[in-house]
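The values are calculated or read from the model by the stated rules, or taken from the named source; none is laboratory data. This one's a predicted model, so the numbers in the text were calculated from it and none came from an experiment. Cβ placement follows ideal geometry from the backbone for every residue including glycine, while neighbour counts extend to all protein chains displayed. Only protein heavy atoms, including side chains, enter the accessible area calculation; ligands, DNA and RNA are left aside. Shrake-Rupley method; radii C 1.70, N 1.55, O 1.52, S 1.80 Å.
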Amino acid sequence: AFGLLAFSQKEADENSTSIGDSTFLPTGVEEILVRDTPGFVIGYSLSREHVVWVAYHLTPLELKGKVSRTDDFRADPELNGGAGVLKDYRGSGFDRGHLAPAGDMKWSLAAMSHSFLLSNIAPQLREFNGGIWLDLERSTRGYVLDTQRSVYLVTGPIVQADAEGIGDNEIPIASHFYKIIYDMEAEKAVAYLLPHLESIENFEKFAVSVDQVEHITGLDFFSSLPDSLEKLVESSVGELKLH
């Protein structure tokens, strides 16, 4: 039920295709605060005090949007600074890296602006943010436009227990970032687990199964699917190709 409520804003937007279900919203054993925005949903861990996933539905129609970047980075007022403040990033040497990219939010000014909330941001090495991470984001959009099919996306950081942090709020630096892309019409999914390094390698080298990401994160990504389909989607590697 919380999934349908979480998507209420986006379902009501006339520029967006209705979500219709909560199939891809992650579940887990820890207490998660689900934060709704006009374009995506944030899962915030109350115990670990950082964002563990961002999820949304991306359609070909949305990618035709013309809204420009707002660049209005700001603390998330609904998390009381739990996801950091601007001062945490100043002089840190890290970029403010998007989890749900601004390039996916051009269909709505509200969605675009909310993508700059610091709850949708993680510290990223500049070469990572502007390199392999950007390539993955662009290739995902290319897949949606080329196939003219919608996808479900879940993205998040992998934060080790002894991770260092930046700023007074000690925003944790992830060791890896994951992105899961699920094409419901094709009944195929792919997951990427990218080491947070200044990598110049192709992101396809880091394709893994959804099962592997579940094992690392402790999250369950497609629990609402029929068991047979869930097993097929989660166990395969490389069935869905972005190129």
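Under the Kirkwood approximation for Rh and a Cα-based Rg, what ratio Rg/Rh is obtained for the range 77-142?
Details: Rg = 12.6 Å, Rh = 12.7 Å.
Result: Rg/Rh = 0.99.
Using the alpha carbon gyration tensor of the chain, what are the three equivalent-ellipsoid semi-axes (square root of 5 times each eigenvalue), largest first, in whole Å?
Details: eigenvalues 120, 85, 70 Å².
Whole-Å semi-axes of the equivalent ellipsoid: 25, 21, 19.
For the range 54-114, what is the convex hull (Cα atoms) projected area averaged across all directions, in square nanometres?
Working: hull surface 18.9 nm².
So the Cα hull casts an average projection of 4.7 nm².
Within the range 142-182, which residues have the backbone N less than 12 Å from the label spot 7 Å out from H215 along Cα→beta-carbon, could you tell me?
The answer is none, because no backbone nitrogen lies closer than 12 Å to the label point.
Provide the per residue accessible area, probe 1.4 Å, for the range 24-125, rounded to a whole number of square angstrom.
Values: 3890 Å² over 102 residues.
Accessible area per residue: 38 Å².
Among all lysine pairs in the range 91-243 that are eight or more places apart or on different chains, how many have alpha carbons less than 21 angstrom apart?
Taking the Cα cut-off of 21 Å, the pair count is 10.
Taking only the Cα atoms of the range 32-164, how large is their convex hull per residue, in Å³?
Values: hull volume 14.3 nm³, N = 133.
It comes to 107 Å³ per residue, whole-number rounded.
Tell me the carbon and sulfur percent of the accessible area for the chain, rounded to whole percent, probe radius 1.4 Å.
Details: 5360 of 10900 Å².
The C+S portion of the solvent-accessible surface of the chain is 49 percent.
How large is the direction-averaged shadow of the alpha-carbon convex hull of the range 117-243, in nm²?
8.5 nm²
Which of these, K87, K106, K179, has the largest mean-square fluctuation under a Gaussian network model of the chain (Cα springs below 10 Å)?
Maximum among the listed residues: K87.
Toward the positive end of the charge dipole of the range 50-173, about the Cα centre and with charges on Cβ (Lys, Arg +1; Asp, Glu -1), which of L79, Q124, S139 goes farthest?
After comparing all options, I get S139.
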